[in-house]
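Reviewing the structure listed below.
The values are calculated or read from the model by the stated rules, or taken from the named source; none is laboratory data. Computed from a prediction, not measured in an experiment: that's the story for all the values here. Note: ideal-geometry Cβ built from the backbone for every residue, glycine included; neighbour counts use all protein chains shown. Ligands, DNA and RNA are stripped out before the accessible areas are found, and what is left, the full protein with its side chains, is counted by its heavy atoms. Shrake-Rupley method; radii C 1.70, N 1.55, O 1.52, S 1.80 Å.
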Amino acid sequence: MEKVPYQRLRWEIITAIIGFSVVPLLLLGAFIYQEFSLSYTAKIQESLKTLAENRRASLDLFLDERVSQLVTLAGTNSLERLRDEDYLHKVFNIIQTRSRHYIDLGVIDEEGNHLAYVGPYYNILKGVNYKNEEWFSAVMASGVYISDVFTGFRRIPHFIIAVMVRERNKIWILRATIDSEIVENIVRAALIGKHGDAFLVNRDNILQTNPRFHGKLLEPVSCALYGEACPNFSGATSTLVEEKSIGGLERLYGVSVLQNKRWVLVIIEDPLEQLSPLFRARHLGALIGLAGILVIVVGAVFITRAMMKELERMERKKATADEISIQSGKMAALGKMAAGIAHEINNPLAVIGEKAGWMKDLLKTEDLQGSENFQEFADAVNKIESHINRAKTVTHRLLGFARRMEPVSEKVSINRVLDETIDFLENEARYRNIDVQTDYDQELPAITSDSTQLQQVFLNILNNAIDAIGKDGEILIRTSFIAKNNALAIEISDNGPGIPKDALNKIFDPFFTTKEVGKGTGLGLSISYSIVEKLGGRMMVASHEGMGTTFTIYLPVDIERPQAIY
Ligand code: ADP
């Protein structure tokens, strides 16, 4: 059996199985990951946008509430009442009960004079004139004004909300200072992850809250962290999300513009942090994929190995069947040839034999006994007769073989046939000091077979064993029943010299003999082989040089329904 083509076939099948299952698996995995990654990234951007929008809305709501509180206050109280500091104090306390966001409250006339004040900086701020302050002209121009965060006279960050009131022919301003801490808190609630940031910038890109990494309150936004200049956030006009790389670091920027004040809320996220669930899913997916590939590879190797084994087994079976059919062919041809030769030779042999007998008679009757060469003649005639007899033995065997091609069916006890055969050879074995041992299965079932032909087979094998041993040895005959195949096994072992490897596959060939000329015909085993085969059985040999030989014959119990017995 050729090993190489099977190896190649095995690898081709393994590669094909792996290729056809792993490649689509990888493609599918890559496609799913790609799609998942796109939608996940989109989702992150979307949620950042929503966050920016929500925070912006909170800030606007906060400013809206403060402005409407002040507008209501100014609209429902006259300047005369509010410039009374005791009354203003009461009002201040009322608006502070709901929220502690106001630091102070002041009433300013149209000349910029601080008419009344409630708050912690009374001594500094009372009597101050705001006429030249930027916020003063702004509120006079627009009616409502929200300032940027500044430190002002108090030196702490705050911002003011001022509303202008027209009261008959008078104009006055109600101004409140708001703790910028509250704005800071609303913005800080948007902080995400370890590298995330959130802050407010005014229209000049000046920070209105304290960022985590991007500069300091009241200073321009700084991207010193990345070693590069920051984008100008103050130019934003609507809510949007962008991914930008600054100094080689990828960042997601969500910006949203407040409605009440030209402030821009900036929320910064590290996409790697946000994508970590995606990466975890990718790692897990890769692990599952690898495990899947491993299972496929192991499965492919396993299946292929099983397939190859089956293929090799079938190939071996086929080779055996081929060998058997070749052997049968040889036997059939031999049968015909044997019958022909035996027939052709038998006639001349009979004539030669008859003539030799007549010559022998002549030698006795004629007056040749006195002849000088009488003894030579007599010896020659004897030799002719003995050789004719030998030739007749061969032709008889050949004729017997030809006849034996068709077996008869009868009930046969194998143990008994073996015993009879041993009886036949007992003298020869004893003479040569060969011990013939038997180990019979006493429960051996009787089989349907041809006892004469089987005897012929056993005789051939035992004769060969005796010949092989020569002198002093042992032959063991064992019988057993193979229930699984409903068959018998007959093993005949000898401790002779064994059969050389190169001769082993020729011993069943017709005319193969290693015996000296005149002793062996080389037909014994080939005839035996064909007999066993005709009886539905199988004959095998196992031999190791120097260790002896074992012939095993398998015979079906029921010749009509022979089982596969090899
Ligand atoms: P023959 O006995 O006439 O030689 P066979 O066909 O019976 O023809 O045997 C063929 C050959 O097989 C023998 O010549 C011998 O070399 C070998 N052989 C058969 N049986 C044995 C055995 N038990 N031990 C060793 N060689 C054997």
Exercise. Considering (1) within 30 Å of R83 (Cβ to Cβ); (2) of a type in the set (S, T, N, Q); (3) loosely packed, with under 15 Cβ neighbours inside 10 Å, say which one S147 fails and leave the rest.
Key: (3)
Quiz item: Do you know which residues across the range 367-424 are part of a helix (DSSP H, G or I), open to solvent by 40 Å² or more (accessible area, probe 1.4 Å) and at pLDDT below 75?
Solution: T393, V394, H396, R397, L399, R403
Quiz item: What about V457, is it in a loop (DSSP other than H, G, I, E, B) and more than 7 Å from the ligand (Cβ to nearest atom)?
Solution: no
Quiz prompt | Odd one out for A487, checked against (1) near the ligand (Cβ under 10 Å from one of its atoms); (2) open to solvent by less than 50 Å² (accessible area, probe 1.4 Å) | solution = (1)
Exercise. Kindly establish whether I267 is under 29 Å from Q7 (Cβ atoms) and in contact (Cβ under 8 Å) with a residue 12 or more places away in the chain.
Key: no
Quiz prompt | Qualifying residue in the range 450-461 (condition: over 23 Å from T521 (Cα atoms) and touching a Leu at 6+ places or on another chain (Cβ under 7 Å)) | solution = yes
Exercise. Would you mind finding the one in T549, T513 that is farther than 16 Å from I326 by Cα and at pLDDT 95 or above?
Key: T549
Exercise. Select from the range 1-53 the residues that are without any contact (Cβ under 8 Å) to a residue 40 or more places away in the chain and surrounded by 15 or more Cβ atoms within 10 Å (Cβ to Cβ) and list them in ascending order.
Key: S47
Practice problem: Provide a single number: the residues in the range 55-68 that are touching a residue at least 60 places away in the same chain (Cβ under 8 Å) and not basic (K, R). | Solution: 7
Quiz item: Residues A542, A468, A564: which one is at pLDDT 90 or above, of a type outside the set (S, T, N, Q), open to solvent by 20 Å² or more (accessible area, probe 1.4 Å) and more than 26 Å from D423 (Cβ to Cβ)?
Solution: A542
Self-check item: Number of the exception - T479 against (1) part of a strand (DSSP E or B); (2) of a type outside the set (A, V, I, L, M, F, W, C); (3) within 14 Å of the ligand (Cβ to nearest atom); (4) open to solvent by less than 20 Å² (accessible area, probe 1.4 Å)
Solution: (3)
Quiz item: What is the residue count in the range 111-137 for residues that are surrounded by 15 or more Cβ atoms within 10 Å (Cβ to Cβ), modelled with pLDDT of 90 or more and either more than 13 Å from R175 (Cα to Cα) or among the small types (G, A, S) (or both)?
Solution: 2
Quiz prompt | Residue check, I507 part of a loop (DSSP other than H, G, I, E, B), aliphatic (A, V, I, L, M) and within 12 Å of the ligand (Cβ to nearest atom) | solution = yes
Quiz item: Which members of the range 521-557 meet the condition of being of a type in the set (G, A, S) and more than 15 Å from the ligand (Cβ to nearest atom)?
Solution: G536, G537
Quiz item: So which pairs qualify, if the first residue must be in the range 436-460 and over 14 Å from F424 (Cβ atoms), the second must be of a type in the set (F, W, Y), the Cβ gap must be under 6 Å, and the two must be at least 6 apart or on different chains?
Solution: D441/F481; L444/F481
Self-check item: Scope the range 425-441; condition modelled with pLDDT of 95 or more, open to solvent by 60 Å² or more (accessible area, probe 1.4 Å) and in contact with a helix residue (DSSP H, G or I) (Cβ under 8 Å, 6 or more places away or on another chain); matching residues
Solution: D435, T438
Quiz item: Any idea how many residues of the range 191-201 are in a loop (DSSP other than H, G, I, E, B) and crowded, with 19+ Cβ neighbours inside 10 Å?
Solution: 2
Exercise. Answer yes or no as to whether K216 is part of a loop (DSSP other than H, G, I, E, B), without any contact (Cβ under 8 Å) to a residue 24 or more places away in the chain and closer than 17 Å to D148 by Cβ.
Key: yes
Quiz item: Is there any pair linking a residue in the range 171-190 that is part of a helix (DSSP H, G or I) to one that is crowded, with 22+ Cβ neighbours inside 10 Å and acidic (D, E), with Cβ under 7 Å and at least six apart or on different chains, and which?
Solution: none
Self-check item: Residue ID - farthest from I156 (Cα to Cα), chosen from residues in the range 216-239 that are more than 54 Å from the chain's Cα centre (by Cα) and open to solvent by less than 30 Å² (accessible area, probe 1.4 Å)
Solution: S234
